[in-house]
Amino acid sequence: MISELASDSTVYSAFLAAEAPFAQRPFLRAPAIATRACSGTAVEYTYAAARREVDRLAAGYLALGIGAGDRVALAFDSRLDVYLHLLSLSAVGASAVPLNTDGSDDEILYVIRHSDARLITGADEHLGRLQRLARQVENVLVVAAGDTRSDAGPILTGGNAASEVALLYTSGTTGKPKGCMLSNEYFLTMGREYNRLGGLCAIDAGDRLLTPLPPNHMNALSTSFMAMMLCGGCVIQLDRFHPASWWQTVRDEAATIIHYLGVMPARDRGSVGIL
């Protein structure tokens, strides 16, 4: 695990501390099976490549007037963009609100309104829908993903350990979805505690964690992501659980850790346990 962080550390400052020793190691990866909706080829970022992209995004957010205390809604589904935008928003002291685009218009509109998001960005295929919904909300701007990048100027970091870095919503099965305000300290604590487990759960920079769970929930966004980032490991993000190819993907991606719901592998009974 990277050396102890300052008490006022943010997710972004922890990322900078990880990028220094692990610059050329793989950090974020999406296998080809997870990118069919966009490129159809595997996508991977080293820590150094992620740093370059995160800083461009942070500069872009600053140029758009996004800063400390603001919230930005993200419609990237389970793409790696969610993690990169989370880091860039932490850099400027803002908060990410991942949207579940499988939800109905009413559900998405509720989250946009309830979160007081100032800006919405996402994958190109969602922009038309988001623009239509945003017309029903005051003071919110929809921006294409390509327009949230800038190469201008140095990054001025914002926020502190207590600052909100993500606002995650429950599914709403018992009423309206509830917004969970998660701080930088929460994210860092999740990563630290995972790294401190030891024993059978010991992790290090050689680990590759495969998850089919979506980053609009805390397991992928704060637990898997932060655990790997703080030890120099790699997050392998799937777009969803693929029953027929699950164990093949585990093999092909050389995953050393898998996160999943217990019911998932059981759906593919013919290959369970075949590694």
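Miscellaneous remarks
- Of all the listed residues (Gly179, Gly172, Gly159), the sole one being in contact (Cβ under 8 Å) with a residue 12 or more places away in the chain and under 14 Å from Ser90 (Cβ atoms) is Gly159.
- Some residue of region 247-266 being polar (S, T, N, Q), farther than 22 Å from Tyr169 by Cβ, at pLDDT 95 or above and not in a helix (DSSP H, G or I): yes
- Looking across Leu188, Leu168, Leu182, one residue alone is touching a Pro at 6+ places or on another chain (Cβ under 8 Å) and either under 26 Å from Leu238 (Cα atoms) or assigned to a loop (DSSP other than H, G, I, E, B) (or both). It is Leu168.
- Leading residue by the ranking (farthest from Asp252 (Cα to Cα)) among those in region 1-49 that are without any contact (Cβ under 8 Å) to a residue 12 or more places away in the chain and hydroxyl-bearing (Ser, Thr, Tyr): Ser39
- Exactly one residue out of Met228, Met190 is at pLDDT 95 or above, farther than 18 Å from Leu84 by Cα and surrounded by 21 or more Cβ atoms within 10 Å (Cβ to Cβ), and it is Met190.
- Count of residues meeting criterion [hydrophobic (A, V, I, L, M, F, W, C), part of a helix (DSSP H, G or I) and over 28 Å from Thr101 (Cβ atoms)] in region 191-218: 2
- Of the residues making up region 100-112, not a single one is under 18 Å from Leu86 (Cβ atoms), part of a helix (DSSP H, G or I) and not aliphatic (A, V, I, L, M).
- Cβ-Cβ under 8 Å pairs, at least 6 apart or on other chains, region 126-147 side over 18 Å from Ile66 (Cβ atoms), far side surrounded by fewer than 13 Cβ atoms within 10 Å (Cβ to Cβ) and among the charged types (D, E, K, R): Arg129/Asp105; Leu133/Asp105
The values are calculated or read from the model by the stated rules, or taken from the named source; none is laboratory data. What you are looking at is a predicted structure, and each value in this text was computed from that prediction instead of being measured. In this analysis, Cβ positions are derived from the backbone assuming ideal geometry, glycine residues included, and neighbour counts consider all displayed protein chains.
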